[in-house]
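Remarks on the structure that follows.
The values are calculated or read from the model by the stated rules, or taken from the named source; none is laboratory data. Predicted, not measured: the structure shown is a model, and the values here were computed from it. Positions of Cβ are generated from backbone atoms using ideal geometry, with glycine treated the same way; all protein chains shown enter the neighbour counts. When the accessible area is computed, the model is the full protein with side chains, heavy atoms only, and any ligands, DNA or RNA have been set aside. Shrake-Rupley method; radii C 1.70, N 1.55, O 1.52, S 1.80 Å.
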Amino acid sequence: MTDREGTHIVLLATGGTISSRAHAAEQGAVIAADGGAQVLASLAAAPAYPVKVIDVACEGSYLLTLADMIAICAQIKMALTDPSVRGIVVTHGTDTMEETAFLADLTHDDARPVVFTGAQNSADAADPDGPSNLAGAIAVAGCDQAVGHGALVVFAGEIFRARGVRKAETLALKAFTNPDFGSVGFVTPNGDVSISRPEPRMRPLPLPAIAAGETRRVDVVSAYPGADGTLLRASVAAGAAGIVLQATGSGNGNPALCEAVAEAVASGTVVMISTRVSAGPVVAVYGAGGGRDLVSAGAIPSGLLRPSQSMILLSLLLHLDRGHDEIARAFAGRSAPLGADDTSFSQASDSQLGHSTEKAPT
C-alpha cells in the first residue's frame with residue numbers, strides 16, 4: 001500500500017442510531033430507517049475521499065446476533081478483494097459496536113484499515129452527531145497512518161483500537177473509552193488525522209462461515225452478592241459450549257460458583273473469568289471462592305478483555321473447534337497489555353504479523 005492515489009472508501013451501512021428516526025407508527029420510538037446513501041448525504045461537506053456505499057443491514061445493533069456480526073465481517077473481507085479500495089468504514093449501532101469491531105479486528109487479514117463509527121443522536125435530532133462522526137471515520141480510513149492498525153473505532157474525534165474499546169456513556173456524545181489500551185489518536189472537524197504508529201498484530205483468526213441458528217451458544221453469567229450456581233447450571237443445561245463469568249473485583253466468585261464452574265468444565269463447557277470492573281487485568285489472587293479457586297476449578301482468566309469482548313473471542317474460538325488449552329493460549333496473547341513481556345503473553349505472540357511502524361506526522 002505505497003501508492004494509494006485514486007482509491008476510494010467503501011461504506012458498509014448496518015443501521016444504528018446514525019440511521020434512525022422517530023416513527024409515529026411506533027409511538028415516537030426511534031428505529032433504524034435510513035440507508036447508507038442517506039447517511040452519507042447527511043455530511044456537511046464533501047467527504048475526504050470518494051465513497052462507495054453498500055447497504056448490509058438496517059437495524060439497531062441491540063438486535064444483532066453473532067451470525068449477523070460474522071456476516072458484517074464477511075462483507076468487509078469481500079469489499080477488500082477490490083485493490084482500489086483504500087479503507088472500510090462501517091456505520092453501526094453503538095450498543096454492540098465493541099463486539100463487532102473486535103470480531104473484525106480478530107479476523108482482519110489486510111493492512112488496510114477498517115473503521116467503525118455511529119451516533120448517539122438520531123438522524124432527525126436537532127443536533128445529530130452522526131455526520132461529524134462519519135466524516136472523521138472516512139478521513140481516518142483513508143489516511144496512510146491508519147494502515148496496519150486493524151479495526152478502529154472513531155467517535156467524537158477520538159480514535160480507539162478495537163481491542164478493549166467499550167461504550168461508557170448511554171447518551172453523552174463522547175460515548176466510547178478504552179481504559180486499558182487508551183486512544184491511538186484524534187481526528188479534527190477539518191479531517192486532519194493524528195494517529196500513533198501501529199502495534200504488532202497477532203496472526204488473524206479465520207472467519208467461520210455459519211448460518212443463523214448454527215452458532216454455538218455462549219452465555220454471560222454475572223456474579224453478585226449471594227449468587228449461587230443456578231444460572232451457570234441452567235446455561236450448561238441449555239447447551240452452552242462456553243460461559244463468560246462476569247466476576248467481581250480482579251475475577252472473584254464464591255464457593256457455590258466455584259462448584260458450578262467445576263461441574264461445567266467437567267461437562268465440556270469452557271468457562272472464562274472476566275470482571276464487571278471497568279479497567280485492569282483479571283488475575284487469580286484470592287481463595288475462599290475467589291479467582292484462584294475459580295482457576296483451580298478449570299476456568300480461564302480473560303486478561304484485559306471485558307465480558308462483551310470475551311464472549312466474542314470465546315465464540316470465535318469455539319466455532320473454530322479450539323480446545324480448552326488452545327483457548328487459554330489465545331486469550332493470553334490477545335488480552336495482554338501492550339508491550340507485555342510476561343511469558344504467558346510472549347508464548348502466544350510468536351506468530352505475530354509485523355506491520356508498518358511509520359510515525360504519524362505531528
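The number of residues in segment 43-58 being surrounded by fewer than 18 Cβ atoms within 10 Å (Cβ to Cβ) and touching a residue at least 60 places away in the same chain (Cβ under 8 Å) comes to 3. Do the conditions hold for Phe160, that is, is it aromatic (Phe, Trp, Tyr), open to solvent by less than 30 Å² (accessible area, probe 1.4 Å), over 28 Å from Gly251 (Cα atoms) and within 18 Å of the chain's Cα centre (by Cα)? No; evaluated as a whole, the condition is false for this residue. Those residues that are open to solvent by 40 Å² or more (accessible area, probe 1.4 Å), within 25 Å of Asn190 (Cα to Cα) and under 26 Å from the mean Cα position of the chain (by Cα), I need them from segment 18-41; list them, please. Passing the criteria: Ala37, Gln38. Considering segment 96-114, and only residues there that are in contact with a strand residue (DSSP E or B) (Cβ under 7 Å, 6 or more places away or on another chain) and among the charged types (D, E, K, R), the residue that is surrounded by the fewest Cβ atoms within 10 Å (Cβ to Cβ) turns out to be Arg112. Residues of segment 2-14 include none that is within 25 Å of Leu320 (Cα to Cα) and at pLDDT 95 or above. Restricting the first member to segment 59-88 and to residues that are over 24 Å from Thr215 (Cβ atoms), and the second to residues that are basic (Lys, Arg) and surrounded by 18 or more Cβ atoms within 10 Å (Cβ to Cβ), the beta-carbon pairs closer than 6 Å and six or more apart or on different chains are Gly87/Arg112. Inclusion of Gly35 among residues that are under 24 Å from Thr177 (Cα atoms) and in contact (Cβ under 8 Å) with a residue 12 or more places away in the chain is not warranted.
Screening Thr117 with (1) open to solvent by 10 Å² or more (accessible area, probe 1.4 Å); (2) in contact (Cβ under 8 Å) with a residue 12 or more places away in the chain gives one miss only, at (1). Being farther than 20 Å from Tyr62 by Cα and either touching a helix residue (DSSP H, G or I) at 6+ places or on another chain (Cβ under 9 Å) or crowded, with 24+ Cβ neighbours inside 10 Å (or both) holds for only one residue in Val85, Val153, and it is Val85. Scanning segment 29-46 turns up no residue that is modelled with pLDDT of 95 or more, part of a strand (DSSP E or B) and more than 17 Å from Gln120 (Cα to Cα).
The residue that is nearest to Leu320 (Cα to Cα), among those in segment 194-231 that are buried (at least 17 other Cβ atoms within 10 Å of the Cβ) and among the acidic types (Asp, Glu), is Asp219.
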